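Engineer: Can you keep this structure in mind? I'll have questions shortly.
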Amino acid sequence: MANRSKTSAAPMALPAWLDLPEPRGFRPKRKCRTIWISDIHLGTRGCNADLLLDFLRAHECETLYLVGDIVDGWRLKKGWYWPDAHSEVVRRVLKMAHRGTRVVLIAGNHDEMLRPYAGLSFGGVEIALEAVHVTADKRRLLITHGDAFDVVVLYHRWLAFLGDQAYELLLRGNVLLNAVRRRLKLPYWSLSSYLKKRVKNAVAFIGEFEEAVAHAARERHVDGVVCGHIHCAEIRQIGGVTYYNDGDWVESCTALVEDFDGTIAIVDWLAQQRKPQPEEARPALPLPQADERTEYLPTKEMA
């Protein structure tokens with residue numbers, strides 16, 4: 001049998017846009033240690049992709065956690081909706097990964113199609129089911145989307161889909177309402193968020209959800225927990241555990257940001273857009289090794 005010559009495969013060329021220089025900004029970027037964002041719901045009309053792009057362009061971080069429901073697979077199955085701004089969000093995240101930011105995506109329920117790929121990395125974005133983050137002041141935080149603690153999603157999946165339909169109608173109302181507000185030169189305002197905070201059953205559900213997540217964190221022997229899922233940004237102590245929720249980019253447009261001393265705060269980007277307060281840039285710290293920042297939990301399929 002004739003010998004076949006072995007040739008090594010040529011490395012795959014990276015897209016040219018990954019190395020394009022950043023446009024000169026009119027404001028200094030805020031440098032921080034860690035950012036958590038979730039519930040972007042790319043692929044839906046309610047996604048505030050432009051506001052998220054503005055937030056990401058205004059910040060630099062060592063680690064970016066995407067805490068679930070980044071792409072709305074439930075909605076895309078019913079009909080394709082993907083404007084240019086949604087592609088720009090994906091490009092921005094990939095650019096951040098390419099330029100040294102550690103990007104970890106925790107799969108949620110709306111992007112559950114990513115869960116079988118937990119433990120793999122795509123374009124520099126690491127896929128996981130859950131993770132533990134170590135803050136600058138050495139606190140250990142469980143990172144999870146949070147749908148595992150939602151009894152409706154867990155035990156009544158049909159009801160979750162029905163609720164998703166009603167929520168989509170409410171978000172469409174948001175879109176129409178804010179189209180009118182833009183013509184009147186008024187800022188973005190979320191009707192769905194307003195109603196959620198004033199409906200008694202919704203308030204009760206949020207409280208029960210937060211208690212369940214904090215209880216799970218205590219059982220894992222961590223100092224706190226970061227989640228998303230319920231579109232309600234919050235930081236509070238629950239039985240010795242610090243509960244963090246990074247909110248969403250459909251209603252509230254919020255994120256969690258960790259400073260270099262371990263302080264974690266909610267960034268309300270809508271409020272900052274209304275009252276811009278530029279901050280002086282701080283010198284970036286050297287990027288840590290991956291095993292100093294995150295330990296992965298077993299990649300078993302979530303209930």
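The values are calculated or read from the model by the stated rules, or taken from the named source; none is laboratory data. Please read these numbers as outputs of a predicted model, since none were measured by experiment. Reconstructed Cβ throughout: ideal geometry from the backbone, glycine too, with neighbour counts over all protein chains shown.
Engineer: Those residues that are within 30 Å of residue 21 (Cβ to Cβ) and in a strand (DSSP E or B), I need them from the range 96-144; list them, please.
Structural biologist: Scanning the range 96-144 gives 102, 103, 104, 105, 121, 122, 125, 126, 127.
Engineer: Still on this model: Take the range 60-114 and flag every residue that is among the basic types (Lys, Arg), under 27 Å from residue 28 (Cβ atoms) and without any contact (Cβ under 8 Å) to a residue 40 or more places away in the chain.
Structural biologist: Passing the criteria: 92, 99.
Engineer: Here's a follow-up. Any residue at all in the range 249-270 that is modelled with pLDDT of 95 or more, of a type in the set (Ser, Thr, Tyr) and surrounded by 18 or more Cβ atoms within 10 Å (Cβ to Cβ)?
Structural biologist: yes
Engineer: Based on what the data block shows, is residue 97 surrounded by fewer than 23 Cβ atoms within 10 Å (Cβ to Cβ), among the small types (Gly, Ala, Ser), modelled with pLDDT of 95 or more and more than 24 Å from residue 133 (Cα to Cα)?
Structural biologist: Taking the combined requirement at face value, the residue does not satisfy it.
Engineer: Moving on. Can you pull out every residue in the range 242-254 that is more than 19 Å from residue 34 (Cβ to Cβ) and either assigned to a strand (DSSP E or B) or touching a Lys or Arg at 6+ places or on another chain (Cβ under 8 Å) (or both)?
Structural biologist: 251
Engineer: Among residues belonging to the range 71-91 that are in a loop (DSSP other than H, G, I, E, B) and either touching a Cys at 6+ places or on another chain (Cβ under 6 Å) or aromatic (Phe, Trp, Tyr) (or both), point out the one that is surrounded by the fewest Cβ atoms within 10 Å (Cβ to Cβ).
Structural biologist: Only one residue tops the list, namely 80.
Engineer: Hey, among 140, 115, which residue is modelled with pLDDT of 95 or more, within 16 Å of residue 216 (Cα to Cα) and surrounded by fewer than 21 Cβ atoms within 10 Å (Cβ to Cβ)?
Structural biologist: None of the other options fit; the residue is 140.
Engineer: Just for helices (runs of 4 or more DSSP H) wholly inside the range 156-241: which have at least 2 residues that are at pLDDT below 70, among the hydroxyl-bearing types (Ser, Thr, Tyr) and surrounded by 15 or more Cβ atoms within 10 Å (Cβ to Cβ)?
Structural biologist: Counting at least 2 such residues, we get 191-196.
Engineer: What do you reckon, is residue 130 modelled with pLDDT of 95 or more, surrounded by 13 or more Cβ atoms within 10 Å (Cβ to Cβ), farther than 18 Å from residue 217 by Cα and not aromatic (Phe, Trp, Tyr)?
Structural biologist: no
Engineer: Could you give every pair whose Cβ atoms fall below 6 Å, whose first residue belongs to the range 30-46 and is on the phi > 0 side of the Ramachandran plot, and whose second residue is among the aliphatic types (A, V, I, L, M), counting only separations of at least 6 or pairs across chains?
Structural biologist: 41/250; 43/71; 43/76
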